[in-house]
1. Would you calculate a helix-derived [θ] at 222 nm for the chain, using -39,500 (n - 2.57) for each DSSP H run of n ≥ 4 and dividing by the full residue count, to the nearest 500?
2. Quick check: residue separation of Trp65 and Ala147 times 0.36 nm, minus the Cα distance between them. What number comes out in nm?
3. Quick check on packing: order 25-37, 98-110, 80-92 by the mean number of other C-beta atoms within 10 Å, highest mean leading.
4. By counting other Cβ atoms within 10 Å of each Cβ, how are Met134, Met66, Met1 ranked from fewest to most?
5. If I take R0 = 45 Å and measure r between the Cβ atoms of Arg158 and Met1 in this structure, what FRET efficiency does the formula 1/(1 + (r/R0)^6) give, to the nearest 0.05?
6. Show which aspartates and glutamates lie in cross-link reach of Lys104 when reach means a straight Cα distance below 14 angstrom and same-chain residues fewer than eight apart are skipped.
7. Between Ala188 and Asp106, what is the spin-label point distance in nm, taking each point 7 Å from the Cα along the Cα→C-beta axis?
8. If you average the sequence gap of Cα pairs under 8 Å that are 6 or more apart and divide by the length of the range 1-157, what percent do you get for the contact order?
Amino acid sequence: MHPGPAIAALWLAWIVSWAIAAFWSDPAQKRAGVQTELSYRVLWLVGTVLLVVPAHGYVGRLRLWMPNLTEAWICVALVAIGIAFAWWARLHLGRLWSGTITAKADHHVVDTGPYGLVRHPIYTGLLLSILATMAAKGTVWGVAGAAVLLVGIVIKARLEESFLRGELGPAYDDYAKRVPMLVPFAPA
């Protein structure tokens, strides 16, 4: 198998498994609303489309760099590590997870496991995978897609934090003071 199809297979496995696991969560007690979520969802769609534009056959300005085989396989490993980190966070969060901005019954601050390293470990893992995918592609489209996805992830993380501060109050504020948002070991 070549690195490109390996990356595609990892992403496909993540999408399918994540969709199946979505059925394993508690019902929401309160939602942020579709209008609130529209901004990041549009960015995620545009970024994903740009990121998956095929990389083969590009020359000149559209191809920014061409990773050698070792570098491409390192990118595959980083995609796998990012997805594994996101899954660790998803499993650790358990039934409190939601694909939308919600509060569940008995919602509380989770600050153990990956949530002790960053406040949004699912996004951290996905960002690592997105950046590794971009690096393996080396195209203008890959860079643009990763940039748009990064903006969309930061917007959603900030919306979630605002929502959770309203729902969880000082407990979330204390957590945010202790744990960085997306980059482990960065100042909080």
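1. Values: 6 runs with 117 residues, N = 188.
The per-residue figure over the chain is -21500 deg cm²/dmol.
2. Working: separation 82, 0.36 × 82 = 29.52 nm, distance 1.68 nm.
Extra length available between Trp65 and Ala147 comes to 27.8 nm.
3. Output ranking for 25-37, 98-110, 80-92: 80-92, 98-110, 25-37.
4. Ordered by Cβ neighbours within 10 Å, fewest first: Met1, Met66, Met134.
5. On the way: r = 38 Å, r/R0 = 0.85.
Here the calculated transfer efficiency is 0.75.
6. Reachable aspartates and glutamates: Asp26, Glu160, Glu167.
7. Result: 2.5 nm between the two label points.
8. Details: 190 pairs, mean separation 65.6, N = 157.
So the answer I get is 42 percent.
Here, each number is a calculation from the coordinates, and none is a lab measurement. Because the structure is predicted, anything quoted here is derived from the model rather than measured. Ideal geometry is used to build each Cβ from the backbone, glycine not excepted, and the neighbour counts take in all protein chains shown.
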